Amino acid sequence: MLRAIERTQIGGLPHWIRSCQLFLMVLSCLFCLCPPAGVVASMCRVSGGVLGIPCSSVIGLGWQPLAVDEGGTQCWESCCLEPSCSAVWSLGGYCVLLKCARPNGCEISALPLTHINSLGILQLLDKSKSKKARIPRQAWVADSGGPGQKSSNHDELGPEPFSTTPTSAVGGIAFSESANKAMNEPVNGSGEEAASSSWQNSTLPEDNMDHSSSNSSSGSPHSSTPAGTPPAVKELVVSAGNNVEVTLPRSEVELNAFVVPEPPPGTNYGFDWCLRTHPKDYSGEMEGKHSGTLKLSKLTVGLYEFEVIVDGDGAHGEGYVNVTVKPEPRVNKPPVAVVSPKYQEISLPTSSTVIDGSQSTDDDKIVAWHWEEVKGPLREEKVSADTAILKLTSLVPGNYTFSLTVTDSDGAQNSTQAMLLVNKATDYRPVANAGPNQVITLPHNSITLYGNQSTDDHEPLAYEWSLSPESKGKVVEMQGVRTPILQLSAMQEGDYTFQLTVTDSSGQQNTAQVTVIVQPENNKPPVADAGPDKELTLPVDHTSLDGSKSSDDQKIVKYHWEKNEGPEGVKIENSESPVATVTGLQVGTYTFKLTVTDERELQSSDTVTVIAREEFDQPPVAKVQSSPPVTLPVRTAMLDGSQSSDDKGVNSYLWKRDGSSPAAGVSAAHRKSTSGISQQSYL
């Protein structure tokens, strides 16, 4: 239904009405916001409104139409009489009664404009009888400076004390200054000040206008005011225009305040522009702070919120506008691709390297690196990577060219190239090493030669042993002629020269020679050494015989121990070893013989003497314990010799009476063995 009304309105209005649309809207706003006193004004009052809103946008704000009526005073009055009606939209002779379909309330704000011919006024009605006390006009004038206040026409841009206006709730429908400010946002998306003929008023206080005073009886525009009651302040519809966006280097903005209705003839409104919010560390200047046009200059980046307070004779209103200053657009500079090193050269066996592209620069940020192999030896796969640093492995000899392309955050690209030369490995001749010259003496006629100390920068090596030309015709048996180790045997007296030839993987060769001198036999007999003579005391009846110090110019191959002299009954253990053990020795003198034999069966002997002595016997020590005196008639005395001692033990005891003792008395027992009693009784 709303769309039908809107289409009818667009197509049915005469051309001269469309050309004067702004003027008609201003008149409609005044008529709707200030209805005549003849209606039942005590039932409801206008608490807020928006001028310049399409009919179709009302539904987007949550409003639903109830009925369509004629415009003018009857539109506002019809909503007052309808219980479900809480707002009206009107334009020209059309009136739409509205109810809010949203449980949380419907907005009072402007949506994006469509056709200027369909813009009407949306008014919110409050049917509550309670009224909030408003701030007297004198307070507004005192705070804002009033129309009569003198001030400089060119002021520094500075903040003024201000607290965010709280959200108002009327008739269960929530709306706030921020909602009303939303209609000031630019609609053309250009970031500059939007040119539009739509106006708005800020959120009106709940005591917008008191329609309870009726003048229906007289029709006079003046009504009597009870004594002591301050006169009602008429609410002005103030618009500071759409929000403005500017981009540096532009830093000047001009703000204009529009007020509905116009001031009475012969009077002017007083304007006071206030900066409510601003960016940190801001700067700027204001010119025309107390006029309808405010000129801003030297603005810095950030958001500025301005409030314009308009006061007149018994009238007051406020408007708000935001100014957003954006930073100067950055002019992108293409990145600069940098590779390090620009040129490098490596030689095998080194087959890997890196090329660094992380030093590439950009005025903002490099977001992508891409490497491509532009030129290189024929291989299965070319190099490609998307990293800042290019890692190259398994390289083969040849010339390489790599391209690095860097991309910045704006998509700009730049490229550069890096070159790499991979050389073949340097192949040096091998170095043959047949070992030092050797000397052997017959009958020893074999030896081993070692060529494994030969070296080359590339493995492996091939070995070949041979007799040198000057040793041709020599008798020798050779084993392992194609290995690093050569075994020689069956050699005869004379000098042998052997040649070692080594060959590397590329066919390069090197030779070395070694001489083996075979000397004639010149064997000396071994020297036997049976060790020093020994002496021991029984009961120790064993000792060792050490012939390990025997020597020979070649090698001792056999040892033999035997007894030459001494008592029988001894036993020689390990008699065929350098060290033997003799057990079962008795008192007496022994002579043992050591015979050693070398490889040529030459022998040598040596003897060692071992003396076994009898154990030394200490005499016993007799000891008698004194006996207590004997008193007659006791005629027996006991003598105790048990404390006598000997190093090998006492074998027998013999008691005799000393010649100086009295002759009387008889010895009851005078000889006892060690196993008998060692006491003597005398009677």
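Could you list all residues from region 507-563 that are closer than 28 Å to residue 437 by Cα, acidic (Asp, Glu) and in contact with a Leu (Cβ under 9 Å, 6 or more places away or on another chain)?
Result: 521, 552.
Tell me the strands (runs of 3 or more DSSP E) entirely within region 241-284 that contain at least 1 residues that are closer than 21 Å to residue 317 by Cα and more than 52 Å from the chain's Cα centre (by Cα).
Counting at least 1 such residues, we get 253-256, 258-260, 270-277.
Could you please give the count of residues in region 245-297 that are on the phi > 0 side of the Ramachandran plot and either touching a Cys at 6+ places or on another chain (Cβ under 7 Å) or free of Cβ contacts under 8 Å to residues at least 60 places away in the same chain (or both)?
Final tally of qualifying residues: 2.
When the residues of region 366-416 are filtered to those that are among the polar types (S, T, N, Q) and more than 25 Å from residue 351 (Cα to Cα), which remaining residue is surrounded by the fewest Cβ atoms within 10 Å (Cβ to Cβ)?
415
In region 592-613, is there at least one residue being loosely packed, with under 15 Cβ neighbours inside 10 Å, in a loop (DSSP other than H, G, I, E, B) and at negative phi?
No, region 592-613 contains no residue that is loosely packed, with under 15 Cβ neighbours inside 10 Å, in a loop (DSSP other than H, G, I, E, B) and at negative phi.
Could you list, in sequence order, the residues of region 432-449 that are surrounded by 14 or more Cβ atoms within 10 Å (Cβ to Cβ) and assigned to a strand (DSSP E or B)?
Residues satisfying the conditions are 438, 440, 441, 447, 449.
Which residue is farthest from the chain's Cα centre (by Cα), if the candidates are limited to region 387-431 and must be under 19 Å from residue 361 (Cα atoms) and not in a strand (DSSP E or B)?
Result: 412.
Is it the case that region 379-386 has a residue that's at pLDDT 95 or above and part of a loop (DSSP other than H, G, I, E, B)?
Yes, the conditions are met somewhere in region 379-386.
Can you tell me which residue is nearest to the chain's Cα centre (by Cα) among those in region 76-131 that are basic (Lys, Arg) and at pLDDT 80 or above?
Per the stated criteria, the residue is 102.
The values are calculated or read from the model by the stated rules, or taken from the named source; none is laboratory data. This structure is a prediction, so every number in the text was calculated from the model and none was measured. Positions of Cβ are generated from backbone atoms using ideal geometry, with glycine treated the same way; all protein chains shown enter the neighbour counts.
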